[in-house]
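Visitor: One structure, as structure tokens, below. Some questions next.
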Amino acid sequence: MHGPALVSWLLAALAAGSGGYCGWRVRRWSADPACGGHHRARRESDVLEAAMGLGMAGMALLPGVFWGWPYALLAAVLLVGALAGRGAGLRVHRLHHGIGALAMAYMALAMAGGGGAPGGHGGHHGQPGGLPVLTGALLVYFGAYALWEGSRVLAVGGPAGAGGPVGAPLPRACRAAMGIGMFAMLLSM
């Protein structure tokens, strides 16, 4: 494999790995009997990140198989989850989830409108789909987000401390990886 097929598989692996790690964190938060308000907000954030990662993996591997509509529905659910979060904190992070959900819906609808047919790739790896200005704005946002989260990982000192506190580097590394994944998916539109 080479070219776009390899990129799709690498994006899917990156997104599925990040989503899987967030899913593991949800399970860990759920097992904690002293899960207070801040932990509840983190758990909600991890649920959204797990769903986003798994949805991104599906979009990377099978972008045109379902004409994009199940991905747009997933994005709508993620957007509602981001806006309806009950946690006390993380308002900025909820805004990021909302932007990510809207970006996923945008990519899914661009794939559906870009000639996505069963077995095809719609807007991915073929003719460009979507609005260039909106795609460019999302590219700038997710590129800056990935760089920002990556710099925070480096400032803390690498990926050690997987089971550490909420601000541990591994969750930040996963967020940076998902930002890179969104950037790459938008770039391939």
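Visitor: Just give me the residues in region 62-79 being hydrophobic (A, V, I, L, M, F, W, C) and either surrounded by fewer than 16 Cβ atoms within 10 Å (Cβ to Cβ) or at pLDDT below 65 (or both), in sequence order.
Guide: Scanning region 62-79 gives Val65, Phe66, Trp67, Trp69, Leu73, Ala76, Val77.
Visitor: With Ala88, Ala105, Ala82, Ala112 as the choices, which residue is out of contact with any Ser or Thr (no Cβ under 6 Å at 6 or more places or on another chain), modelled with pLDDT under 75, surrounded by fewer than 22 Cβ atoms within 10 Å (Cβ to Cβ) and within 27 Å of Ala173 (Cβ to Cβ)?
Guide: Only one candidate qualifies: Ala88.
Visitor: With His93, His97 as the choices, which residue is modelled with pLDDT of 70 or more, touching a helix residue (DSSP H, G or I) at 6+ places or on another chain (Cβ under 8 Å) and under 16 Å from Phe183 (Cα atoms)?
Guide: His97
Visitor: With the checklist (1) open to solvent by less than 60 Å² (accessible area, probe 1.4 Å); (2) modelled with pLDDT under 90 in hand, flag the one item Ala144 doesn't pass.
Guide: Among (1) open to solvent by less than 60 Å² (accessible area, probe 1.4 Å); (2) modelled with pLDDT under 90, the lone unmet condition for Ala144 is (2).
Visitor: Would you be able to say whether some residue in region 152-173 is touching a Gly at 6+ places or on another chain (Cβ under 7 Å) and modelled with pLDDT of 85 or more?
Guide: Within region 152-173, none of the residues are touching a Gly at 6+ places or on another chain (Cβ under 7 Å) and modelled with pLDDT of 85 or more.
The values are calculated or read from the model by the stated rules, or taken from the named source; none is laboratory data. Not measured: the values here are computed from a predicted model. Every residue, glycine as well, gets a Cβ built from its backbone with ideal geometry; the counts of neighbours run over all protein chains shown. What goes into the accessible areas is simple: the full protein's heavy atoms, side chains included, and nothing from ligands, DNA or RNA. Shrake-Rupley method; radii C 1.70, N 1.55, O 1.52, S 1.80 Å.
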